[in-house]
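A.B. asks: Please see the structure below; I have some questions.
The values are calculated or read from the model by the stated rules, or taken from the named source; none is laboratory data. Bear in mind the structure is a predicted one, so any value in this text is a computation, not a measurement. Positions of Cβ are generated from backbone atoms using ideal geometry, with glycine treated the same way; all protein chains shown enter the neighbour counts.
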Amino acid sequence: MTVSYLLHDPASLLPHTTIPTLLFLPIPLSSSLGHPSNPPRIRALVLDKDNMLCPPKTALLHPAYIAKLEKIKSSAEFSDNPNSVLIVSNTAGSSSSTAHEEEAQALEQELGIPVLRQKEGRKKPLCGAEVLAFFKENGVTDDPTEIAVVGDRLATDMLLAREMGSWSVWTKQGWRNPEMPGRDYRGFLSRMEERVERVLRGGLLKKAPMPKGYATLRKVG
């Protein structure tokens, strides 16, 4: 899927907005998305785990990230419904393995944030239908343009947002320890994606396409 988009619709891999790490996520989030004269209403948030919420391949939570999550959960955009924020990981909750399930349960218990249980063969960016169903069934929203996806990978997180018709926020540096911000935890693919993004931005593709529903609303309005 990623290769197909890169060849035929490369702008779809670009994020709508970029921040260094989750610690820099704007609150309210809607202020950094869409057109300044018509900011979207954001009611639901999808968070990646590996190298965004936690160091890669761990479920370790730094106090600064826990504090940031509490601010997000208590903000006006997400405080109305405890299911407004959802962790979607390609490790925790992504399979029926004991390790992945235990990791999902540990995150839920410590953070009070649900973790999506993905179907076999439906990992990011293929789990968009399950994400939309979760928010709809839990009374958060049934409008994809009211959802934002935050993650460190263009090929999974940003493409998931594109497939759902939602907003994308790229944490370009991945996960960083506030006490040692110079240490880079990104793997080879993440580093390569930074180069791809730079090449795309340097060409004719300056911006990611707006979610289709948002574009329609702007025309009507």
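A.B. asks: Just checking, how many residues over the stretch 1-38 are outside any helix (DSSP H, G or I), modelled with pLDDT under 90 and of a type outside the set (D, E, K, R)?
C.D. replies: Taking the stretch 1-38 and keeping what is outside any helix (DSSP H, G or I), we get 1, 9, 14-21, 25-28, 33-38.
Still in the list and also modelled with pLDDT under 90: 1, 9, 34-38.
Subsequent filtering for residues that are of a type outside the set (D, E, K, R) retains 1, 34-38.
Summing the residues that are outside any helix (DSSP H, G or I), modelled with pLDDT under 90 and of a type outside the set (D, E, K, R) in the stretch 1-38 gives 6.
A.B. asks: Continuing with the same structure: Filter the stretch 80-90 down to residues that are over 13 Å from residue 120 (Cβ atoms) and of a type outside the set (Ser, Thr, Tyr) and give me whichever is surrounded by the fewest Cβ atoms within 10 Å (Cβ to Cβ). Write out each step before concluding.
C.D. replies: So in the stretch 80-90, the residues over 13 Å from residue 120 (Cβ atoms) come out as 80-89.
Filter once more, so that each one left must be of a type outside the set (Ser, Thr, Tyr): 80-83, 85-88.
Numbers: 80: 10, 81: 14, 82: 13, 83: 15, 85: 23, 86: 20, 87: 23, 88: 29.
So the residue we want is 80.
A.B. asks: One residue is enough: does the stretch 139-147 have a residue meeting the conditions within 17 Å of residue 43 (Cα to Cα) and at pLDDT below 90?
C.D. replies: The answer is no, given that none of the residues of the stretch 139-147 is within 17 Å of residue 43 (Cα to Cα) and at pLDDT below 90.
A.B. asks: Which members of the stretch 56-78 meet the condition of being modelled with pLDDT under 95, under 24 Å from residue 125 (Cβ atoms) and of a type outside the set (D, E, K, R)?
C.D. replies: Within the stretch 56-78, 56, 58, 59 meet the criteria.
A.B. asks: Being touching a Ser or Thr at 6+ places or on another chain (Cβ under 7 Å) and more than 23 Å from residue 39 (Cα to Cα): is that true of residue 178 here?
C.D. replies: No, not satisfied.
A.B. asks: Quick one: residue 93 ticks every box in (1) surrounded by 14 or more Cβ atoms within 10 Å (Cβ to Cβ); (2) touching a residue at least 60 places away in the same chain (Cβ under 8 Å) bar one, so which box is it?
C.D. replies: In the conditions (1) surrounded by 14 or more Cβ atoms within 10 Å (Cβ to Cβ); (2) touching a residue at least 60 places away in the same chain (Cβ under 8 Å), residue 93 misses (2) alone.
A.B. asks: Of the numbered conditions (1) modelled with pLDDT of 95 or more; (2) exposed (fewer than 15 other Cβ atoms within 10 Å of the Cβ); (3) within 19 Å of residue 214 (Cβ to Cβ), residue 44 satisfies every one except a single condition; which is it?
C.D. replies: (2)
A.B. asks: Something else now. Name the residue that is surrounded by the most Cβ atoms within 10 Å (Cβ to Cβ), counting only residues in the stretch 97-152 that are under 22 Å from residue 61 (Cα atoms), β-branched (Val, Ile, Thr) and in contact (Cβ under 8 Å) with a residue 24 or more places away in the chain.
C.D. replies: That would be 149.
A.B. asks: Hey, another quick one. For residues that are assigned to a helix (DSSP H, G or I), small (Gly, Ala, Ser) and modelled with pLDDT under 80, tally how many sit in the stretch 180-221.
C.D. replies: Within the stretch 180-221, residues that are assigned to a helix (DSSP H, G or I), small (Gly, Ala, Ser) and modelled with pLDDT under 80 number 2.
A.B. asks: Output the residues belonging to the stretch 162-179 that are assigned to a loop (DSSP other than H, G, I, E, B) and closer than 16 Å to residue 24 by Cβ.
C.D. replies: 172, 173, 174, 175, 176, 178
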